[in-house]
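Inspection log for the structure reproduced underneath, given as structure tokens.
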Amino acid sequence: MKKRIGSIVVVLMLVLTGCNAKDTNNTQKIEATSVVKNDEKKSESTIVILETNQGNIALKMFRDVAPLAVENFVTHAKNGYYDGLIFHRVIKDFMIQGGDPTGTGRGGESIFKDKSGKKIEFANEHKPNVVFDRPFLLAMANRGPNTNGSQFFITTRETPFLNGRHTIFGEVVSGKEVVEKIENTKTQRDDTPMEKQIIKKATIK
């Protein structure tokens, strides 16, 4: 068991840090209040539906926990950013990861921009009572603190070793069996599914 957990942690280092290779020193933090204005706040029960080739996954957003991550994810979904993308990394008893337009784990960007109009990464968001204590949580993939872009993952088991490292911003409320189908698909040595697991469309309920 200890050997297995150690292997998962090593895989985590390789998988969840596999976003683009920009210098983390250039990351610019964004204050939540500057992004989500009072008159733009939506219900905390916002649901995003991922229509996949295995079925639909309904994701409830945790806007009160992670307003930046939710605004980023919901805006990308509205704009069709995730439509046609794949779950590019799948690891049984761990997670399924998607949201990269290149399908390599090294691409993707956030909706946020600096004063010059350049796309920038955004900060991690945490609440002490929101932790990886159960499966089917939705979180941001990153390659280090405050390097969030567009990639996300859905856990398929308890993953306490991720606490404090990744922003949890939602959970699966229906379609858990779909997540399990994707999780159990056969993969190559680099954890890429042999048969593409496609997000056909993302919509807001």
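Considering only segment 153-192, how many residues are of a type in the set (D, E, K, R) and more than 20 Å from residue 88 (Cα to Cα)?
Applying the first criterion (of a type in the set (D, E, K, R)) to segment 153-192 yields 157-158, 165, 171, 176-177, 180-181, 183, 186, 189-191.
The next check asks that each one be more than 20 Å from residue 88 (Cα to Cα); those that pass are 158, 165.
Residues in segment 153-192 being of a type in the set (D, E, K, R) and more than 20 Å from residue 88 (Cα to Cα): 2 in total.
Only residues that are of a type in the set (D, E, K, R), closer than 14 Å to residue 139 by Cα and crowded, with 23+ Cβ neighbours inside 10 Å: list them for segment 53-99, please. Can you show your working first?
Taking segment 53-99 and keeping what is of a type in the set (D, E, K, R), we get 60, 63-64, 71, 78, 83, 89, 92-93.
From the residues that got through so far, the ones that are closer than 14 Å to residue 139 by Cα too are 60, 63, 71.
71, the sole residue that qualifies.
One residue is enough: does segment 19-40 have a residue meeting the conditions within 25 Å of residue 130 (Cβ to Cβ) and at pLDDT 85 or above? Break it down into steps so the answer makes sense when it comes.
First pass over segment 19-40, keeping only residues within 25 Å of residue 130 (Cβ to Cβ): 19, 24, 27-38, 40.
Keeping just the survivors that are at pLDDT 85 or above gives none.
No, segment 19-40 has no match at all.
Checking the structure you have, find out if any residue of segment 78-90 is assigned to a helix (DSSP H, G or I), closer than 27 Å to residue 45 by Cβ and at pLDDT 95 or above. Write out each step before concluding.
Filtering segment 78-90 for residues assigned to a helix (DSSP H, G or I) gives 78.
Retained after the next criterion (residues that are closer than 27 Å to residue 45 by Cβ): 78.
Filter once more, so that each one left must be at pLDDT 95 or above: 78.
Yes: one or more hits.
I'd like the residue in segment 150-183 that is outside any loop (DSSP other than H, G, I, E, B) and either of a type in the set (Ser, Thr, Tyr) or without any contact (Cβ under 8 Å) to a residue 40 or more places away in the chain (or both) and, out of all such residues, is farthest from residue 56 (Cα to Cα). Can you show your working first?
So the first thing to find is which residues in segment 150-183 are outside any loop (DSSP other than H, G, I, E, B), and the list is 152-155, 160-162, 168-174, 176-183.
Within this subset, residues satisfying the condition of being either of a type in the set (Ser, Thr, Tyr) or without any contact (Cβ under 8 Å) to a residue 40 or more places away in the chain (or both) are 155, 160, 174, 180.
Working: 155: 16, 160: 27, 174: 8, 180: 12 Å.
The residue in question is 160.
Quick one: how many residues across segment 131-181 are in contact with a His (Cβ under 7 Å, 6 or more places away or on another chain) and over 15 Å from residue 110 (Cα atoms)?
1
Filter segment 116-135 for residues that are touching a residue at least 12 places away in the same chain (Cβ under 8 Å) and not in a loop (DSSP other than H, G, I, E, B) and give the result. Write out each step before concluding.
Going residue by residue through segment 116-135, those that are touching a residue at least 12 places away in the same chain (Cβ under 8 Å) are 120-127, 130-135.
Residue satisfying the conditions is 122 alone.
If I ask for residues that are of a type in the set (Lys, Arg) and either under 12 Å from residue 69 (Cα atoms) or out of contact with any helix residue (DSSP H, G or I) (no Cβ under 9 Å at 6 or more places or on another chain) (or both), which ones from segment 142-159 would you list? Before you say what the answer is, go through the steps one by one.
The first filter runs over segment 142-159 and keeps only residues of a type in the set (Lys, Arg), leaving 143, 157.
Across segment 142-159, the qualifying residue is only 157.
Name, by its number, the condition in (1) in a loop (DSSP other than H, G, I, E, B); (2) under 26 Å from residue 56 (Cα atoms) that does not hold for residue 201.
So the condition that residue 201 fails would be (1).
I need a count of the residues in segment 160-176 that are out of contact with any Asp or Glu (no Cβ under 7 Å at 6 or more places or on another chain) and either within 19 Å of residue 68 (Cβ to Cβ) or buried (at least 24 other Cβ atoms within 10 Å of the Cβ) (or both).
9
Could you please find all residues in segment 136-149 being part of a loop (DSSP other than H, G, I, E, B) and buried (at least 20 other Cβ atoms within 10 Å of the Cβ)?
Taking segment 136-149 and keeping what is part of a loop (DSSP other than H, G, I, E, B), we get 136, 141-147, 149.
Scanning segment 136-149 gives 141, 142, 143, 147, 149.
Being under 13 Å from the mean Cα position of the chain (by Cα), closer than 12 Å to residue 191 by Cβ and part of a loop (DSSP other than H, G, I, E, B) is the filter here, so list the residues in segment 91-110 that pass it.
Within segment 91-110, just 105 meets the criteria.
The values are calculated or read from the model by the stated rules, or taken from the named source; none is laboratory data. Everything numeric here is computed off the predicted structure, so don't read it as measured data. Neighbour counts are summed over all protein chains in view; Cβ atoms, including those assigned to glycine, are modelled from backbone coordinates with ideal geometry.
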